[in-house]
Structure formats: C-alpha cells, structure tokens
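Single-structure report; data block below.
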C-alpha cells in the first residue's frame with residue numbers, strides 16, 4: 001500500500017522517508033546530549049511520543065508527526081469490528097483567566113476506522129519509518145478468545161509493542177472495557193497474562209487514574225508479566241455548563257456526559273501517580289511511560305526525574321501542532337548539557353530518593369519569607385493573602401510618599417509559601433532556610449505525636 005502525503009513544511013524530503021534521511025533533524029541539533037532511549041526493549045531516537053488519541057488516528061497524522069521529529073507514537077486504540085461510532089460534538093475545555101486552555105475534556109471513543117484499514121496503515125508506516133517507535137493501543141472485550149484473535153494480527157504489522165488501554169473513562173466502560181478493566185487489579189493481571197501468552201511483543205499497560213490507589217493495578221500488571229506501564233489516562237470530568245440551557249459541554253443533542261480530562265491541569269496528579277509507582281519497592285524497576293499535561297521540555301524532564309523512561313504528549317500537540325517537538329527536544333538537550341547529563345538514563349528517577357511519605361519529613365526544618373524591597377511593586381497581594389487566610393505574618397507599613405511597604409514578621413512566619421505563590425514578581429519573595437540548631441526528627445520520632453515509635 002502506498003500512503004500519499006504532502007511534502008513536509010520545509011520541502012526538505014518526501015513524506016514517508018525513513019531514518020536514513022536524518023528525519024529526526026538531529027543533524028542540526030544544538031546540543032550534545034543523546035536523547036535516544038531503549039524503553040522496555042523499544043528503541044526510539046528521543047523520548048517524546050504522541051499518546052494514543054486523535055493525533056495518532058491514521059497514517060497521515062503519524063507520518064506528519066514523524067516528519068516533525070517525534071520519536072514514537074502510540075497508535076489510536078484499535079478494537080474489534082465493527083468499529084466504534086462517535087458522537088458530535090466531542091470536546092470541551094477548562095480555561096484559565098487569560099483564556100488559555102488549562103484542561104481539555106473529550107468524549108471520543110476508540111478508533112472509528114476498521115481494523116483492516118488500521119492494520120494496513122500501521123504496517124506501511126512502520127516499514128517506512130523503521131527507526132521510530134510505533135506502539136499499537138488495544139481494547140477488546142475482557143475475553144481470552146478476543147485477545148487471542150487480535151494479537152497475532154497486530155504483531156504481523158511489525159509494530160514495536162502494544163499498549164493495553166485499561167483507562168478510557170467514558171463509553172467503553174459501559175461495555176465492560178477501558179477503566180472497567182483498569183479499576184479491577186485481577187482483570188488487569190488476567191488480560192496482561194493473555195497478551196504475554198499470545199504475543200511476543202513488549203506489553204505496556206495503560207493505567208486509569210480513576211482509582212483509589214494506582215499502585216495496585218501497577219503491581220497486578222507486573223504479576224501478569226507486563227514489560228511496562230503507562231500513566232495516566234484521562235480523568236473523569238465535566239468541564240463546565242451552559243447555564244442558559246442547563247447542559248454540560250460538549251453538548252450532544254441537548255444532553256451531555258462525563259468525559260476524559262487531560263492537559264496541563266492534570267500534570268500534578270500524573271506526576272504523583274508516576275512517582276508512587278517508581279518509589280514502591282514492588283514496582284521500582286518497572287519501566288514507566290509518563291503521560292499527563294506534558295507541554296514542554298521541563299514537564300518532560302520532571303516526569304523522567306520521577307520515574308518515566310519515555311513521555312507521551314497529546315493535548316499540547318492538539319492545541320499547538322506537531323512542531324512543538326522541536327522545542328521539546330532542543331530544550332531538553334540543552335538542559336542536559338548544562339547539567340552534564342549525557343543520556344536520558346543519567347537522570348531517570350533522580351528525584352525518587354528525595355520523594356517520601358509525609359511522616360518522614362524533617363519536623364525541625366524551618367524557612368521564613370523574605371521580601372526583596374528593591375523588587376517589590378507594593379501591590380499588597382502577599383499581605384492580603386497572609387492577613388485574610390494565613391498567619392498574619394506580614395506588616396503593612398505606610399511610607400512617607402503615601403505608598404505601602406510590606407515586611408515579614410519573622411516570629412509569626414511559618415514558612416507556608418503562600419506569599420511567595422501570590423507574588424506577581426519573580427524572586428521578589430523567597431523562602432530563607434533558618435538554622436534551628438536542631439537535628440533531623442521526623443513525625444514518627446516527634447514527642448508531639450501520641451503514636452510515635454517507642
């Protein structure tokens with residue numbers, strides 16, 4: 001099959017050209033760091049993959065992504081025929097105060113294209129782009145025969161691995177798939193074991209965040225033989241309502257439903273869940289593909305430092321296009337050079353030793369706020385926040401010229417960081433460490449803890 005696609009944006013080479021054409025643009029890299037990865041046996045020229053979603057729905061999209069420099073893609077979730085049927089409309093968003101999209105919601109299902117067409121296109125794309133990671137996302141009924149049937153067909157495409165979609169929170173759980181499987185560790189373990197039985201490909205289990213403890217399905221996936229996990233999938237959500245019509249968005253014929261929430265707003269949740277798996281002894285060595293609100297190289301570096309071996313991007317690409325990967329690669333490479341990191345593995349999980357449970361934090365550690373008077377613009381936001389909602393630790397002083405001066409009352413400051421967070425001027429308020437003269441003492445040792453260790 002021939003896939004007809006246009007030339008890339010600079011007309012440097014024909015679409016569909018492979019690794020020998022320096023398709024990843026590494027020949028013009030402004031950094032020395034090696035961004036290539038080997039994730040659970042899957043090689044990729046860089047850690048930036050497109051997540052299973054609309055951007056990876058067809059060959060045309062995937063080829064354009066590879067032309068732009070993405071290291072890999074997870075093809076949009078395949079299922080049994082007949083293909084799923086989607087509704088209109090499908091997306092909504094949560095906006096920040098300046099109108100930017102901070103969270104993105106969708107009620108789209110898995111691929112609505114036939115299995116035969118998808119498999120044919122995957123085969124051709126992998127043939128044309130042998131240096132890129134191409135993982136196929138799968139979702140079929142929780143029946144052994146269904147998995148036994150589809151897995152050989154997928155493996156025949158020459159793809160590099162499979163990702164089990166156990167996270168979709170809408171539409172598919174009503175059919176006994178997606179999050180309906182991912183929320184039950186026993187199901188996760190069972191289906192993972194089927195996949196390892198009927199396929200020789202690396203198996204990545206995509207976990208749902210719509211669960212009390214994400215470590216449990218991760219451990220179940222490992223027991224089933226999973227080669228890696230990816231997380232997070234989208235979070236159940238309703239972004240906002242039309243208060244005139246009394247219906248949530250997106251609106252489908254006057255009604256709506258909950259959908260999957262993603263975008264920068266979910267990043268803190270995703271980082272925590274990734275770190276929980278990475279720092280739990282049972283799963284400490286389990287490869288993790290990090291997903292959730294990754295919009296730039298710094299986001300990616302944070303996920304990697306907390307345990308991810310690759311990162312997957314969706315919303316940022318949907319909002320800004322595939323070329324964002326150029327800045328992601330360049331920024332990550334330059335930062336790695338500045339830190340002396342030669343390869344991704346040099347800082348993978350580097351932040352895990354410093355991530356712990358609250359009970360192990362030092363109760364004798366103390367910081368207090370410092371206001372740089374040369375940078376202060378006198379807006380008073382720190383004072384209002386502290387006076388109304390915190391510890392009344394900032395003084396409002398009148399200056400001779402009628403303006404205000406704000407100073408911290410050291411004795412009352414508990415180092416909560418609220419003033420630093422509310423301040424609109426970078427580095428105007430900083431938190432200064434205090435020498436308490438006291439040794440490390442955690443809560444389990446603290447005499448104020450009635451349940452402390454003897």
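A short reminder: the numbers here are calculations on the coordinates, not readings from a lab. Given the structure is predicted, the values throughout are model-derived calculations rather than measurements. Here the Cβ is made from the backbone with ideal geometry for all residues, glycine too, and neighbour counts use every protein chain on show.
What is the packing order of peptides 411-424, 122-135, taking the mean over residues of other C-beta atoms within 10 Å and listing the highest first? Write down the numbers at each step before the final one.
Details: 411-424: 16.2, 122-135: 20.8.
Going by the mean number of other Cβ atoms within 10 Å, highest first, we get 122-135, 411-424.
Using only Cα atoms and rounding to the nearest 10 degrees, what angle (0 to 90) does helix 115-128 make with the longest principal axis of the chain?
Once rounded, the angle reads 80 degrees.
Rounding to the nearest 10 and keeping the result within 0 to 90°, find how far the Cα-based axis of helix 267-278 lies from the longest principal axis of the chain.
80
Based on the Cβ-Cβ distance of residue 367 and residue 116, what FRET efficiency does E = 1/(1 + (r/R0)^6) give at R0 = 51 Å, to the nearest 0.05?
On the way: r = 61 Å, r/R0 = 1.20.
Calculated value: 0.25.
Order 212-222, 294-304 from most to least packed using the mean count of other Cβ atoms within 10 Å.
294-304, 212-222
So how do 271-278, 197-204 stack up, highest first, on mean other-Cβ count within 10 Å? Each step should come with its number before you reach the end.
Details: 271-278: 23.0, 197-204: 18.4.
Packing proxy ranking, top to bottom: 271-278, 197-204.
Divide by every residue of the chain the summed helix terms, -39500 (n - 2.57) for each DSSP H run of at least 4, and state the resulting mean residue ellipticity at 222 nm, rounded to the nearest 500 deg cm²/dmol. All intermediate terms of the calculation are to be shown ahead of the outcome.
On the way: 12 runs with 120 residues, N = 454.
It comes out at -8000 deg cm²/dmol, rounded to the nearest 500.
To test your reading of the geometry: what angle, between 0 and 90 degrees and rounded to tens, separates the Cα axis of helix 185-198 from the longest principal axis of the chain?
40
Exposure proxy check: 336, 318 ranked by fewest other beta carbons within 10 Å? Let's see the in-between values first.
Details: 336 22, 318 19.
So the residues, fewest neighbours to most, are 318, 336.
Using only the alpha carbons of the chain, determine the length spanned along each of the three principal axes and report them from longest to shortest in whole angstroms.
So the three principal-axis extents are 79, 58, 56 Å.
Within 10 Å of each residue's Cβ, count the other Cβ atoms and sort 361, 332 from fewest upward. Write out the running numbers ahead of the final one.
Working: 361 12, 332 25.
Ordered from fewest to most neighbouring Cβ atoms within 10 Å, 361, 332 come out as 361, 332.
Could you work out how far apart the two model spin labels at residue 38 and residue 144 are, taking each label as a point 7 Å from the Cα in the direction of the beta carbon, and quote it in nm?
About 3.4 nm separates the two model spin labels.
At a threshold of 8 angstrom on Cα-Cα distance, excluding pairs fewer than six apart, so keeping six or more, what relative contact order does the chain reach in percent?
Working: 951 pairs, mean separation 61.3, N = 454.
Answer for the chain is 14 percent.
Using only Cα atoms, locate the centre of segment 300-321 and the centre of segment 391-454, then give the distance between them in Å, rounded to an integer.
Result: 34 Å between the Cα centres.
Return 391, 360, 451 ranked ascending by Cβ neighbour count within 10 Å, so the fewest neighbours appear first.
Values: 391 15, 360 10, 451 6.
Least to most surrounded, the residues fall as 451, 360, 391.
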